[in-house]
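Student: Below is the structure I would like to discuss, written out as structure tokens.
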Amino acid sequence: MRIALAAFPERYDLPSRPAGAPATVQDAHRQTHFLLSQELALLEQAMNLQIDIVAANAKNRTPEAAALLGYWSRVFSYLADACALMSRASYASCPPLLRAACDCIAAQRSLVADQFAGYHDWLPVALGQDRQHAAMTIEMGRFRAGSVLAQDERLGAIYRFLTDLSMPHFGATALQTAPDSNLQNLRLAFADCAFHLGWAELVLGWLLTLADAQLETATGSGIFSISDDARAACEGLGRDLRAAAGNPRRCHADELPDGRRLLHNFRRAASGAPRRVAI
């Protein structure tokens, strides 16, 4: 089967102002880009560096490159879409996308570790014809890489929290739909699209970490041609991404020994008092 990379974007731009959106959405976009401008600039650099590496390997037609590029494409789209949703204060929509991004990064690492054995088995039967339904068939080729996530402390911790947030747990629902609650009131907000600094910082921290992990995965795979300049750019940007994601002043989550998470600096506005929330 012949393999070709048929299309890829020329560059990535941060989400633009949502003209015509409700005032609360436009305010969320404004505050996100004002208060988190440095972190967003780092994300934009990381996304464009990914595109540069893909462009430099556009003629790599090996099955191994096809396997990684397929998953990489999904990661890129998940990160781009989650950033757009975050800038519109649609925070509850971000965890499922970011959880899927973790899965696809882990799948790439698992394929490299196993020398693409599963993909080589799948590719010869990937496409076929279903004469009964007059349809082209695509063999599902079910594949999971949970062991990779379990072995990676950074990705594993994020994945476990994102999984809990993506499930219909009572506490996860309360955290996402009633973030302003206190001991006296469960303050629900239906389809809330108002800016929340804590949620924005949480989501953006995950975006930075996953963008860094994807660059590490691509450059360390041994499948793609990486120039010395690109490798140096990845290493320098990686340090900046990790420093920004690990900034203790922003809202972040620590995993506790009992499996719960402790959120630090969880607040709606920059002027608000920082809170800790254990969930």
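Student: In this structure, does Ala19 turn out to be surrounded by fewer than 17 Cβ atoms within 10 Å (Cβ to Cβ) and not in a helix (DSSP H, G or I)?
Tutor: Details: surrounded by fewer than 17 Cβ atoms within 10 Å (Cβ to Cβ): yes; not in a helix (DSSP H, G or I): yes.
Yes.
Student: Examine region 90-106 for a residue that is over 16 Å from the mean Cα position of the chain (by Cα) and either among the aliphatic types (A, V, I, L, M) or farther than 14 Å from Leu5 by Cβ (or both), and state whether such a residue exists. Spell out how you get there, then give the answer.
Tutor: Initial filter on region 90-106 (over 16 Å from the mean Cα position of the chain (by Cα)): none.
Checked region 90-106: no residue is over 16 Å from the mean Cα position of the chain (by Cα) and either among the aliphatic types (A, V, I, L, M) or farther than 14 Å from Leu5 by Cβ (or both).
Student: For the structure I just gave you, tell me whether Ala211 is surrounded by fewer than 18 Cβ atoms within 10 Å (Cβ to Cβ), among the aliphatic types (A, V, I, L, M), within 20 Å of the chain's Cα centre (by Cα) and under 23 Å from Leu79 (Cβ atoms). I'd like the intermediate steps shown before the answer.
Tutor: Values: surrounded by fewer than 18 Cβ atoms within 10 Å (Cβ to Cβ): no; among the aliphatic types (A, V, I, L, M): yes; within 20 Å of the chain's Cα centre (by Cα): yes; under 23 Å from Leu79 (Cβ atoms): yes.
Here the answer is no, as Ala211 does not meet what is asked.
Student: On the given criteria, is Leu208 in contact (Cβ under 8 Å) with a residue 60 or more places away in the chain and in contact with an Asp or Glu (Cβ under 9 Å, 6 or more places away or on another chain)? Before the answer, list the steps.
Tutor: On the way: in contact (Cβ under 8 Å) with a residue 60 or more places away in the chain: yes; in contact with an Asp or Glu (Cβ under 9 Å, 6 or more places away or on another chain): yes.
Yes; evaluated as a whole, the condition is true for this residue.
Student: Just to verify a result, which residue in region 162-192, among those that are over 17 Å from Leu262 (Cα atoms) and among the charged types (D, E, K, R), is farthest from the chain's Cα centre (by Cα)?
Tutor: Arg187
Student: Hey, another quick one. Inside region 5-25, can you point out the residues that are without any contact (Cβ under 8 Å) to a residue 40 or more places away in the chain and over 22 Å from the mean Cα position of the chain (by Cα)? Can you show your working first?
Tutor: So the first thing to find is which residues in region 5-25 are without any contact (Cβ under 8 Å) to a residue 40 or more places away in the chain, and the list is 6-7, 13, 16-17, 19-20, 23.
Selection gives Ala6, Ala19, Gly20, Ala23.
Student: Any idea which residue in region 233-264 is surrounded by the most Cβ atoms within 10 Å (Cβ to Cβ), counting only those that are of a type outside the set (D, E, K, R) and more than 30 Å from Asn48 (Cα to Cα)?
Tutor: Going through region 233-264, the residues of a type outside the set (D, E, K, R) turn out to be 233-234, 236-238, 241, 243-248, 251-253, 256-257, 259, 262-264.
Then drop every residue that is not more than 30 Å from Asn48 (Cα to Cα), which leaves 256-257, 259, 262-264.
Values: Leu256: 11, Pro257: 5, Gly259: 8, Leu262: 14, Leu263: 20, His264: 17.
If we take residues in region 233-264 being of a type outside the set (D, E, K, R) and more than 30 Å from Asn48 (Cα to Cα), then Leu263 is surrounded by the most Cβ atoms within 10 Å (Cβ to Cβ).
Student: Under 9 Å between Cβ atoms, which residue pairs at least 6 apart in sequence (or on different chains) link something in region 244-262 that is assigned to a strand (DSSP E or B) with a partner that is among the polar types (S, T, N, Q) and surrounded by 14 or more Cβ atoms within 10 Å (Cβ to Cβ)?
Tutor: Matching pairs, first to second residue: His252/Asn265.
Student: Mind telling me which of the residues Ala28, Ala41, Ala4, Ala65 ends up being within 29 Å of Ala113 (Cβ to Cβ) and either at pLDDT 95 or above or surrounded by 16 or more Cβ atoms within 10 Å (Cβ to Cβ) (or both)? Reasoning before the result, please.
Tutor: On the way: Ala28 fails: within 29 Å of Ala113 (Cβ to Cβ); Ala41 fails: within 29 Å of Ala113 (Cβ to Cβ); Ala4 fails: either at pLDDT 95 or above or surrounded by 16 or more Cβ atoms within 10 Å (Cβ to Cβ) (or both).
Only one candidate passes the filter, namely Ala65.
Student: Among the small types (Gly, Ala, Ser) and either over 30 Å from Ile51 (Cβ atoms) or in a helix (DSSP H, G or I) (or both): is that true of Ser225 in this structure?
Tutor: On the way: among the small types (Gly, Ala, Ser): yes; either over 30 Å from Ile51 (Cβ atoms) or in a helix (DSSP H, G or I) (or both): no.
So Ser225 does not fit the description; no.
Student: Quick check on region 240-249. Is at least one of its residues closer than 23 Å to Ala101 by Cα and in contact with a strand residue (DSSP E or B) (Cβ under 9 Å, 6 or more places away or on another chain)?
Tutor: Within region 240-249, the subset closer than 23 Å to Ala101 by Cα is 240-247.
Subset that is in contact with a strand residue (DSSP E or B) (Cβ under 9 Å, 6 or more places away or on another chain): 245-246.
Yes: region 240-249 contains one or more residues that are closer than 23 Å to Ala101 by Cα and in contact with a strand residue (DSSP E or B) (Cβ under 9 Å, 6 or more places away or on another chain).
Student: Okay, moving on. For region 85-111, name all the residues that are among the hydrophobic types (A, V, I, L, M, F, W, C), buried (at least 18 other Cβ atoms within 10 Å of the Cβ) and either part of a helix (DSSP H, G or I) or modelled with pLDDT under 95 (or both). If you could, list the steps in order and put the result at the bottom.
Tutor: Restricting attention to region 85-111, the residues satisfying the condition of being among the hydrophobic types (A, V, I, L, M, F, W, C) are 85-86, 89, 92, 94, 97-98, 100-102, 104-107, 111.
Checking the rest, the ones that are also buried (at least 18 other Cβ atoms within 10 Å of the Cβ) come to 86, 89, 92, 94, 97-98, 101-102, 104-107, 111.
Within region 85-111, Met86, Ala92, Cys94, Leu97, Leu98, Ala101, Cys102, Cys104, Ile105, Ala106, Ala107, Leu111 meet the criteria.
Student: If you take the residues in region 112-143 that are free of Cβ contacts under 8 Å to residues at least 12 places away in the same chain and closer than 17 Å to Thr217 by Cα, which one is surrounded by the most Cβ atoms within 10 Å (Cβ to Cβ)?
Tutor: Asp114
Student: So, one more: Would you be able to say whether some residue in region 181-204 is in contact with an Asp or Glu (Cβ under 6 Å, 6 or more places away or on another chain) and loosely packed, with under 15 Cβ neighbours inside 10 Å?
Tutor: Yes, that holds for at least one residue.
The values are calculated or read from the model by the stated rules, or taken from the named source; none is laboratory data. Remember, it's a predicted structure, so these values are computed and weren't measured experimentally. Cβ coordinates were reconstructed from backbone atoms using ideal geometry, including for glycine residues, and neighbour counts include every protein chain displayed.
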